[in-house]
Amino acid sequence: VNNTFLPRLSFTSEKLVLLMEGFSPLFVDFNALELQKRRDGGKKQGLVRACKPQKGVRILDATAGWGRDAGVLAGFGAEVTMVERHPVMAALLADGLSRLPAESSLVMKVVNMDAKAYLQALNPDDYPDVIYIDPMHPIRQKSALVKKDTQALQQVIGTDNDAADLIQIARARAKQRVVVKWPQRLAPLFPPTSKIEGKTVRFDVYAIPKR
């Protein structure tokens, strides 16, 4: 790899990849074995318990990143819109969607836009049932514990400093609930209605009263 112009996007014969110094080529793969394993993991996992994906449920992933959580939610039948403001990540997500097999049952799309602006522009008829937010936090653990793709994402998009604003807007736009994935070590930005605890992260759930 020519290191002069990194990071950069590059086309191989099969897919779009992100080339970064110190990383293998990175790409989005909605057919990945790891994703299938998570779908097979069933409804006990925190993400699924918090978001309750099923057929007919519309979920907006406001911080799509590599699209893994979105891919899991779509695997349970939900219609998932991934919103990603960083153009490089949005291009990689679109490429991943373009490589889904024709017979795939996943209903997903990607929008390259700031999630706050996207939500504010929605018509009430188009409000999603669930809005899922997984803000990028500064990585504090030793790098061996942090997945390579998370390290890469941190380098590409940096830290999300506007999570509080996004959560507030989301609570005005979701029909059923807002789910925020948050480090276990950090206090929530707003008191949640309920929470699902994990080892290193938890899912803070903000139930929306019937309007």
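The values are calculated or read from the model by the stated rules, or taken from the named source; none is laboratory data. Predicted model, so just to flag it, every value in this text is computed and none were measured. Using ideal geometry, Cβ is built from the backbone for each residue, glycine included, and neighbour counts are taken over all protein chains shown. Side chains included, ligands, DNA and RNA excluded: accessible areas come from the protein's heavy atoms. Shrake-Rupley method; radii C 1.70, N 1.55, O 1.52, S 1.80 Å.
Go through segment 1-89 and name the trypsin sites (Lys or Arg not before Pro) that are in a DSSP coil and have 14 or fewer other Cβ atoms within 10 Å of their Cβ.
Answer in residue order: K55.
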If you wrap a convex hull around the alpha carbons of segment 3-42, what volume per residue comes out, as a whole number of Å³? 79 Å³
Looking at segment 26-116 only, what percent of DSSP beta bridges run antiparallel? Nearest 5 please. 0 percent
Roughly what % of DSSP beta bridges within the chain run antiparallel, to the nearest 5? 50 percent
With the cut-off at 28 Å, report for the chain the share of all Cα pairs above it, as a whole percent. 26 percent
Where does helix 163-173 land angle-wise versus the long Cα axis of the chain, in degrees 0 to 90, nearest 10? 50 degrees
Computed from the beta carbon distance with a Förster radius of 30 Å, FRET efficiency for E197 and E103 to the nearest 0.05 stands at 0.20
To the nearest 20 debye, what charge dipole does segment 62-211 have about its Cα centre, counting +1 at the Cβ of each Lys and Arg and -1 at the Cβ of each Asp and Glu? 560 debye
3J(HN,Hα) from dihedral phi, segment 80-91, Karplus parametrisation 6.51/-1.76/1.60, rounded to Hz, x for glycine, proline: 10, 9, 9, 10, 9, 7, 7, x, 5, 5, 4, 5
Leaving out ligands and nucleic acids, note down the accessible area per residue over segment 30-111 with a 1.4 angstrom probe, in whole Å². 44 Å²
Using 1/(1 + (r/R0)^6) with R0 = 30 angstrom and r between the beta carbons of F11 and D165, what's the FRET efficiency to the nearest 0.05? 0.25
Note: segment 1-111 at 37 °C, 0.692 mPa s; Kirkwood Rh on alpha carbon pairs; Stokes-Einstein D in µm²/s works out to 223 µm²/s
What is the distance, in nm, between label points placed 7 Å from the Cα along the Cα-to-Cβ direction at L33 and at M113? 3.8 nm
By the scheme Lys and Arg +1, Asp and Glu -1, what is the net charge of all other residues having a beta-carbon under 9 Å from that of I196? +1
Using Stokes-Einstein with the Kirkwood hydrodynamic radius over Cα pairs, what translational diffusion coefficient do you get for segment 26-80 at 25 °C and a viscosity of 0.890 mPa s, in µm²/s rounded to a whole number? 218 µm²/s
When the accessible area of the chain is split by element with a 1.4 Å probe, what percent falls to carbon and sulfur? 53 percent
